[in-house]
1. Across peptide B:67-75, what mean number of C-beta atoms from other chains lies inside 10 Å of a residue's C-beta?
2. Taking amide H positions as placed 1.01 Å from N in the peptide plane, with prolines and chain starts having none, which residues 5 or more places from B:Asn228, or on another chain, fall under 5 Å of its amide H?
3. At 1.4 Å probe size, what's the solvent-accessible area of B:Val337? Round to the nearest 10 Å².
4. Given 20 Å bins starting at zero, what is the percent of C-alpha pairs of chain A in each, up to the one with the largest pair distance?
5. What is the helix-to-structure angle for A:38-51, meaning the angle in degrees between its Cα long axis and the longest Cα principal axis of chain A, kept from 0 to 90 and rounded to the nearest 10?
6. Could you grab the relative contact order for chain A? Cα pairs under 8 Å, six or more apart, rounded to a whole percent.
7. In percent, how large is the relative contact order of segment A:172-301, given Cα pairs closer than 8 Å and 6 or more residues apart?
8. Which one of B:His188, B:Val281, B:Leu225 is farthest out on the positive end of the charge dipole of segment B:172-303, using unit charges on Cβ (Lys, Arg +1; Asp, Glu -1) and the Cα centre as origin?
There are 2 protein chains.
Amino acid sequence: MVRRGRSERATLADVARVAGVSPTTASKVLNGRSDVGRSTRERVLSVMAELGYKPTAVRHERARGRALVTMLDFVESRYAGTVLQGILMAATSAQAELVLRLPPGEPISTTRTAARAWVDEQKESGVAGLVALAVAVPDAVLLAAEDLGMPVVTIDPIDTTESRVVSIGSTNWAGGRSATEHVIRLGHRRIAWIGGPPGSAPSAERFHGYQAALDSAGIAQDRALIRNEAFSVEAGLRHGRDVLALGERPTAIVAGNDEIAVGVLAAAKEAGVAVPGELSVTGFDDTPQTEWTTPRLTSVRQPLVGMGRMAVETVLAMADGVQPASRHLQLATTLSVRDSTGPAPSR
Amino acid sequence: MVRRGRSERATLADVARVAGVSPTTASKVLNGRSDVGRSTRERVLSVMAELGYKPTAVRHERARGRALVTMLDFVESRYAGTVLQGILMAATSAQAELVLRLPPGEPISTTRTAARAWVDEQKESGVAGLVALAVAVPDAVLLAAEDLGMPVVTIDPIDTTESRVVSIGSTNWAGGRSATEHVIRLGHRRIAWIGGPPGSAPSAERFHGYQAALDSAGIAQDRALIRNEAFSVEAGLRHGRDVLALGERPTAIVAGNDEIAVGVLAAAKEAGVAVPGELSVTGFDDTPQTEWTTPRLTSVRQPLVGMGRMAVETVLAMADGVQPASRHLQLATTLSVRDSTGPAPSR
DNA sequence: TGATAAATTCGAAAAAATTTCGGAGCCGGA
DNA sequence: TCCGGCTCCGAAATTTTTTCGAATTTATCA
């Protein structure tokens, strides 16, 4: 009366029969009752696994689709929004659920066991992998994830020293270099750098690209023309004023991101310096703002959507057991040349 | 055989008897099956509450945490990003999972049964409610959600005619009115309106606020000064040029959003019209751009984060059975006065 | 407009799962 | 050896869920 062709699903009674116990006992095992002997419990459990028994009542069929957790701090920026768009699109087309999370707080990020419990919980609820967006994923969580076999991919990690984690970024170095080479090709020789916070890895990488371009063009670096403070309009404005007030002022300024560049444009306007006539300015990120600054801003475009997409694809592949070709993937940047850069003024 | 003194707990059968349905139906209500009529469901639910029926075995957890689905089309805008930030924060503090989704596609949005199956699926995977962000939620899905008792809240719904759905917005009308009143107080009398797409509800509401302010100040509307096309810099630029080229040009322009306002500013600069000396301009949305336009843009600030937060709180409350006070909630806007508005030129 | 198909809604019967309660076996002490 | 207390299990009763078919309403088409 049981193995009828129709009923594909194993029932509790089937499990009980195979395990040689009563349905009652099987039910007790399922519900974690205490009045079941250890060996009996184990036998029942193993039969359940074998028959693939699913508590009918517990309709937690995660089998439908995989879930993916994305951790991020702030959505409220175009950067995060755009990457998220890529993540969302990729997740949708891979038929994976996308769960958003703030990074875990205190106890989890520090304690080893708490982290492990957290990851375990994620796993339990069907999460196939983690995508961390521009957050400092704490070591504890990473270790736990690794131990439990949950793939983690970070996008633009704050702290890139951790090489165990798969990370995805754009070629900040190449981007910084291409922006700088662009103005060098336009004849500029006195080129300032105004970057983001000294601790920021992306900012540092972009800066190194700037340095590399200067080096290979045989241009000496001038300390006075190099600033690193913050990714903000205010910082750009302040350092822009500063740099333009120098006795021998630069003819080009390479900014660490678009906001800084906007600040620089404001400083130039203040000082009555014509852009691009007397000064060329480049940004980084190619945010929509670049289209309606005056003049329109030349900027390095990061493949933000592509980064999100790549992160999802990588995580899902890892969940399937495919190791990525490289632990650190970089997508190419491109330079969007607009009106804020021009030939160096002849003097 | 039922009302035994010993068994204090009401059983499903008791509920069914009191509600005048079969135990089968009561069970279906308990499990959110779709084949129960609306009124029957409500009756059973109320009897359950009355008798204090508790599912004997608190069906395998579920207690872990609630999940919330947010549907959105595009994350890649500051608007969506900011609202999402509020949603994420509120969801986190309510210990709810946040699942992101693109709006369901073809078969689901049209077919009745497909929509119902979709909602059912959501429900089974533990989703407590739906938040739809600036999307046109198809009727089919809404109906299905309502039938199955899944709360839905829309934020800035594209199509506000649907009054059954709880929606959250900002006071577009009041915002449009306050911006217009602001310039009226500054002495302007000839005030243009450049808004978004004619079909857009928010745009229309803002426009009506503009009209109301003119009316109560006793200023006649001038057809030539009213434009509605698109929420874009280009549209703002084009109509800005147009309006400024009029014989008797306006001394103030109220724009439907910040992008349009940016376009207007560009048009004014082109035409050599001083802002705010000869022309006052207001935007709508208070995006960060407003801070670094020249001059800095006066704009209506929407409580975007608050809207996200409110949506989550409302949905979760509804999931707990609390009906919202109103089916359409509006959060107040405030006017951020900056440098792009000034006294009307005396002539 | 009428007929035909499809869908909705409900319940009886059957199946599945859980709880109650009692009993077998197993100590250890009297 | 007998007794009380204990653990572990299952039969029966109870509760819940599922299946499936019927009655009714709604949509669709000729």
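1. Across the residues of B:67-75, the mean count of other-chain Cβ atoms within 10 Å is 3.
2. B:Gly195
3. So the heavy atoms of B:Val337 present about 90 Å² to solvent.
4. Values per bin, smallest distances first: 27, 40, 21, 11, 2.
5. Result, in degrees: 70.
6. Working: 644 pairs, mean separation 57.5, N = 347.
So the answer I get is 17 percent.
7. Numbers: 251 pairs, mean separation 32.8, N = 130.
Relative contact order of segment A:172-301: 25 percent.
8. It is B:His188, whose Cα lies furthest towards the positive end.
The values are calculated or read from the model by the stated rules, or taken from the named source; none is laboratory data. Predicted model only: the values in this text are computed from it and were never measured. Backbone-built Cβ (ideal geometry, glycine too); neighbour counts: all protein chains shown. The protein model used for the area step is the full one, side chains on, heavy atoms only, and it has no ligands, DNA or RNA in it. Shrake-Rupley method; radii C 1.70, N 1.55, O 1.52, S 1.80 Å.
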